[in-house]
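Chemist: This is the structure I want to talk about, given as structure tokens.
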């Protein structure tokens, strides 16, 4: 019988301080920090970026950085192989379990650590790969949809929602090896929860600014409704390499004065913006879960999003904590309805607050530890933990 898990290696292409870091990075590091606080030795291997240290300790997690956007996989692979013979930046890491975050591409830790590897998949990237160009997109989808499921056919999988679990089984992954560990939630600063709503209609988007998030749909909706909803304003909180395109799109629509691009802000500023808002719009093409949904829910702000995104069918209870729609026309109609109907908006918001209380990072970390202990003991787990 194996002993308790004493050491965990986390692999992720970015960390939360990375300029393009988002919900998937938050998930891994919040859980990693709580595992570290419980006495587990936790190391995160990730990419290096301008101004980042090669090595540091963040919230009890030892962070080792190397490589860039794509070379992070190469350098991490070399570091893992070197560590097996006592060399390189990971030479002091002796993991009982390795969590390999597959954000489209896996780190192939399976080749170095065998069945000790847990493959963490937030969602499948079929809809996102085309942005990478015709050659890389075909290669990426081949790796994600064919190579990885076969390479990891004996490994444990973790994902964050039931729709993502179904996507994995559609790729041939055995459902008996897929566990669902849902996102937790950082509590909003109490002072932000006590602040008043804006007297004028404000819509908020919490998102990285990348093509598959389809922020243009929120801009188009504001442009369509501006003439019918006086003083309507859109707050976009988050940064990313698609920012200039979105600023240009707002200008073409003639709504630059009705949109504020906040960029990267700290948690207090983010929650202050959300608290003033009436509705949260998440028009993403694909979501594993939608951490922004429960962040907005804390403030009693209901979410409108697309049913086809997958994960939102888990994080949003349609007609109860928000509204799921099938196309852009429906999104505009739903937004107009919520902006006009205060009673409905507040009813959905109150139920969203109640739902948000079901989630915590402590619960997520405890569930992930259960998975780690099972893998360390040679067992596999499935279902929602």
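Chemist: Check the stretch 39-46 and report whether any residue there is surrounded by fewer than 20 Cβ atoms within 10 Å (Cβ to Cβ) and part of a strand (DSSP E or B).
Modeler: Scanning the stretch 39-46, I find at least one residue that is surrounded by fewer than 20 Cβ atoms within 10 Å (Cβ to Cβ) and part of a strand (DSSP E or B), so the answer is yes.
Chemist: OK, next. Filter the strands (runs of 3 or more DSSP E) completely within the stretch 124-235 down to those with at least 1 residues that are in the same structural domain as residue 288 (by TED's automatic domain parsing) and touching a helix residue (DSSP H, G or I) at 6+ places or on another chain (Cβ under 9 Å).
Modeler: 202-206
Chemist: Can you name the residue in the stretch 307-318 that is without any contact (Cβ under 8 Å) to a residue 60 or more places away in the chain and crowded, with 24+ Cβ neighbours inside 10 Å and, of all such residues, is farthest from residue 125 (Cα to Cα)?
Modeler: By that ranking, first place goes to 316.
Chemist: If only one of 265, 301, 320, 273 is assigned to a loop (DSSP other than H, G, I, E, B), within 20 Å of residue 188 (Cβ to Cβ) and modelled with pLDDT of 95 or more, which one is it?
Modeler: Answer to the selection: 301.
Chemist: Output yes when any residue across the stretch 16-24 is part of a loop (DSSP other than H, G, I, E, B), closer than 25 Å to residue 161 by Cα and in contact with a helix residue (DSSP H, G or I) (Cβ under 6 Å, 6 or more places away or on another chain), and no when none is.
Modeler: Yes; the residues of the stretch 16-24 include at least one that is part of a loop (DSSP other than H, G, I, E, B), closer than 25 Å to residue 161 by Cα and in contact with a helix residue (DSSP H, G or I) (Cβ under 6 Å, 6 or more places away or on another chain).
Chemist: Additional query: Tell me, yes or no, whether the stretch 236-252 has at least one residue that is within 30 Å of residue 369 (Cα to Cα), out of contact with any strand residue (DSSP E or B) (no Cβ under 7 Å at 6 or more places or on another chain) and outside any strand (DSSP E or B).
Modeler: No, the stretch 236-252 contains no residue that is within 30 Å of residue 369 (Cα to Cα), out of contact with any strand residue (DSSP E or B) (no Cβ under 7 Å at 6 or more places or on another chain) and outside any strand (DSSP E or B).
Chemist: In the set 47, 53, which member is touching a helix residue (DSSP H, G or I) at 6+ places or on another chain (Cβ under 7 Å), without any contact (Cβ under 8 Å) to a residue 60 or more places away in the chain and more than 19 Å from residue 364 (Cβ to Cβ)?
Modeler: Going through 47, 53 in turn, just one is touching a helix residue (DSSP H, G or I) at 6+ places or on another chain (Cβ under 7 Å), without any contact (Cβ under 8 Å) to a residue 60 or more places away in the chain and more than 19 Å from residue 364 (Cβ to Cβ): 47.
Chemist: Scan the stretch 304-311 and give yes if some residue there is farther than 22 Å from residue 166 by Cα, assigned to a helix (DSSP H, G or I) and not assigned by TED's automatic domain parsing to the domain that holds residue 180, otherwise no.
Modeler: no
The values are calculated or read from the model by the stated rules, or taken from the named source; none is laboratory data. Being a predicted model, the structure only gives us computed values, none of them experimental. We place every Cβ from the backbone using ideal geometry, glycine too, and count neighbours over all the protein chains shown.
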